Amino acid sequence: MQPTSATPPSQSLLASLLRRAAVIEPHEIAAVVAAFLLFFFMWGGYFAVRPVRETIGTVLGRQQVANLWIFTWLGSLLIIPLYGAIVARFRRAAFLPATYGVVAIVLALIGIAMRGEAINPLLAKFFYVFISVVNLFLISMFWSFLLELFDGRQTKRLFGVVAAGGSAGALVGPLISDLTVSHVGNSGVLFIGASLFVAAIVCQRALLAIWTTRAGTVAGATGKDDPLGGNMFAGITLILRSPYILGIALFVVFIATVNTLLYFEQLRLVEIYFPETTDRTRVFARLDWIVQSLTVLSQVLITGRVAQRFGVIALITAVPIAMIVGFLALAVSFMVFPLPAEGAAATVVPASFTVFVIFAVVFVLRRATEYAFVRPGREMLWSSLDKETKYKAKNTVDVPVYRFADVVSAQVNNGVSAAGAGATGVALLGAVVAAIWACVGWWLGRRHEAQTGSAQTQLEGTQQDEARAT
């Protein structure tokens, strides 16, 4: 079949580079390139505006941010039944591109309203909650469609290189923000993010064209774009009926807890060491693009090979084990090196800055390895499940469950600090959580390998029976 205008050219430079990085069959190239570009622009748009969110967090203060996470969780609860109703009644070709369009419009409107030196507190809170809800929703929606497009065996080969598209976007987005925020301000950064989401609409339509026509797509993709039907609250019942999905939900809870503990420490340290808001935006952007540089290299060169050789277990347990060491290192650093008084600017001398440097190393390595290994591995856990589960249960786990864990762990973080344990106590708590996270990951990996192995054996048996019959 001749490529359509919506089909990325299979012999492009990008396609050639991707084929060198992973084992991609000729009939998979167009779908992989389109998915790579979609993830690039979508995640680039989010990560371009993420530093603005973090700067707003330092302006509002950690206590107000912890309270905002309650509203973020409530927003995530509201979006799931709405999303369930949409996927039950509308084709993916309609609602997937439209979602990116809505995000682009909202970012542009907030950018217009945010012009000027002062940041309106109410607008800042709305933006913080909106972008915190929508980021998890967008990433979950993207992987839900990819799980429909690729089968279980293909996910091990292809998800690493597709994930690299998102990481490349998450590298370029904050890099642009780092270079431009001094000239265009925080509002201008939001316009940049909106334009990247518009580009994501084009890529999503291209990928949908490949999927629905089955031209250049992968084996096992149905290309059937019917509404899914069912109950808008089906995601909740699907989770409660399955110990395996409950395990995935628990795994996500521990991811969120570890991330939250580090996130609030990040806000505190940046607030201490960088009093100017533009400097804070630049620091957050710089951390983001350093993380994504490491992530892209890992995803292109390592993730797929690790998944094929060692399986999902290695992807989802290595990072929790590493984080045990990371949190213990932070606990020691907080005891050895005193921090400047909170609320006062720090004197930037080697002894004073050591804690921030150690934290930055742990923070960067955690995020880079999570994007490179845990995220693709976590998505692979869903590959053996049915279509309704991949959309409805998965989005319920990825958004409201994740955000509920954020709310609880944020309050626990504040409680531990208020009890006098301080940053050292929070770091030790993080080490315990990471240890339990690793155990849950190991159990899930074993279950997944058993399920996919059983399904593959049944498929091979069926193929042998059909061959004997002919």
- Cα-based Rg (one decimal) and Dmax (whole number) for region 285-333, in Å? 13.5, 37
- Item | Neighbour-limited loop hits for GluC sites (Glu not before Pro), region 249-334 (at most 12 other Cβ within 10 Å; DSSP other than H, G, I, E, B) | GLU276
- D (Stokes-Einstein, µm²/s), Kirkwood Cα radius, region 373-453, 0.890 mPa s at 25 °C: 165
- Query: Using 0.36 nm per residue, how much length does the chain from VAL408 to GLN64 gain when fully extended, once their Cα-Cα distance is taken away?
  - Reply: 122.4 nm
- Task: Taking 7 Å along the Cα-to-C-beta vector as the label spot, tell me the ILE321-ALA113 distance in nanometres, rounded to one decimal.
- Result: 4.8
- With r defined as the distance between the Cβ atoms of LEU123 and ALA85 and R0 fixed at 35 Å, what FRET efficiency is calculated, to the nearest 0.05? 0.75
- Message: Among 161-171, 188-198, 93-103, how do they line up by average Cβ neighbours within 10 Å per residue, starting with the highest?
- Response: 161-171, 188-198, 93-103
- Query: Using the per-residue mean of other Cβ atoms lying within 10 Å as a proxy for protection, in what order, highest first, do the peptides 124-137, 25-38 fall?
  - Reply: 25-38, 124-137
- Note on the structure: Here the Kirkwood hydrodynamic radius of region 80-206, Cα-based and in Å, equals 16.3
- Item | Around ILE358: net Lys/Arg minus Asp/Glu count, Cβ-Cβ under 15 Å | +1
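We did not get these values from a lab; they are worked out from the coordinates using the rules stated. For clarity, every value in this text was computed on a predicted model and none was experimentally measured. Here Cβ is always computed from backbone atoms with ideal geometry, including for glycine, and neighbour counts include all displayed protein chains.
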